[in-house]
Amino acid sequence: MNLGHTARLLKNFGLSRLYLVRPKVDMSVAMIYASHAADVLESAELVTLPQLRKRNDLLIATTAIGASKRSNVIRRSVRLEQVSEYVQSAESASLVLGRDTTGLTNDEIRTCDVTVVVETGSKYRTLNVSHAAAIILYVISRGGRTEFRGPARKARELFAESLSDLATASRMPSHKVRNMPEIGKRIAVESRLTDRQLFLMSGIFRKAAGTIEGLQGGTSKT
C-alpha cells in the first residue's frame, strides 16, 4: 500500500524514477494502490544503496528520529526548506525513504549527504512513509529556482577526507576524528561553497596535515 501510494505521489509531482532497495512487497497489491501510476511501478529499478550513491550527486536521508546528542552527527537534520534549495542546486538528487516500521539505519543514513526530519510538533513524530514523501515532495516542488550550483560530490568528498586527515594529524580525540568525515560532508553541502573553494581548502588542509606530521616526526602525506 505504501509503495503504491508513493508511486502515485511521484506521478503527481512529475517524477518517474523509483528505485527499490531490498523490497519486501507484493507488486500486484501495490499496483492497486498506485491507481494511474502503474507505469512508475513497472519501471521501478532494483538497486543497492551503494549503487544509488554512485548515481546521485546528492542523497537526502529521511528520519523521524533526530539527533538527541551533539555527537550524533548523521542525525543532525536540516530544515525542509533547505532541502529544496539543495535539490535545486544539485546535478542529480534522490530522496531516501526508510522502512515504515524502523526507518533508516545509522549506516544507511551515513551513506547520504544530508538528513531531514518532518517536524510534526508533537511527541508522536513518526509519519507513514507515503505521507512523509508527500510533505517533502510538496515543499521541494514549491521551492524557487536558484542560480547557485552546489558543489559536486567529488569536491565534497575530498573536503571531508582532507578535514579528517587534518584532525588525525592534529591528534584530536579518536571519537571526534571518527565523526570528521560526516561533519565535513555535511559542512560541504550546507556551506554554499563552490567546487573551487572546496578544492582550495582541501589542499590547505592536506598541506597543514603534512606539515604537522613532519613536525611530529611522522611521514608527510603531501
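Here is a yes/no grid of residues against (1) without any contact (Cβ under 8 Å) to a residue 60 or more places away in the chain; (2) of a type outside the set (Lys, Arg); (3) surrounded by fewer than 19 Cβ atoms within 10 Å (Cβ to Cβ):
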| site | (1), (2), (3) |
| --- | --- |
| Lys24 | yes, no, yes |
| Ser35 | yes, yes, yes |
| Glu45 | yes, yes, yes |
| Thr48 | yes, yes, yes |
| Val83 | yes, yes, no |
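Suppose we filter region 62-81 for residues that are surrounded by 16 or more Cβ atoms within 10 Å (Cβ to Cβ) and more than 22 Å from Ser122 (Cβ to Cβ); how many remain?
The total comes to 2.
Table: residues versus (1) of a type in the set (A, V, I, L, M); (2) assigned by TED's automatic domain parsing to the domain that holds Asn179; (3) in contact (Cβ under 8 Å) with a residue 40 or more places away in the chain.
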| residue | (1), (2), (3) |
| --- | --- |
| Asn2 | no, no, yes |
| Ala7 | yes, no, no |
| Lys11 | no, no, no |
| Val21 | yes, no, no |
| Ser28 | no, no, no |
| Asp39 | no, no, no |
| Gly66 | no, no, yes |
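Considering region 28-84 alone, what residues qualify as being charged (D, E, K, R), under 20 Å from Ser94 (Cα atoms) and part of a loop (DSSP other than H, G, I, E, B)?
Scanning region 28-84 gives Asp57, Arg76, Arg79.
Can you name the residue in region 164-222 that is closer than 21 Å to Arg53 by Cβ and among the β-branched types (Val, Ile, Thr) and is also surrounded by the most Cβ atoms within 10 Å (Cβ to Cβ) among such residues?
Among them, the one singled out is Val189.
Considering only region 103-134, state which residues are β-branched (Val, Ile, Thr), within 21 Å of Ala7 (Cα to Cα) and over 18 Å from the mean Cα position of the chain (by Cα).
If the condition is that a residue be β-branched (Val, Ile, Thr), within 21 Å of Ala7 (Cα to Cα) and over 18 Å from the mean Cα position of the chain (by Cα), then Thr126 is the only one that fits.
The values are calculated or read from the model by the stated rules, or taken from the named source; none is laboratory data. Keep in mind that this is a model prediction, so the values were computed, not measured. Here the Cβ is made from the backbone with ideal geometry for all residues, glycine too, and neighbour counts use every protein chain on show.
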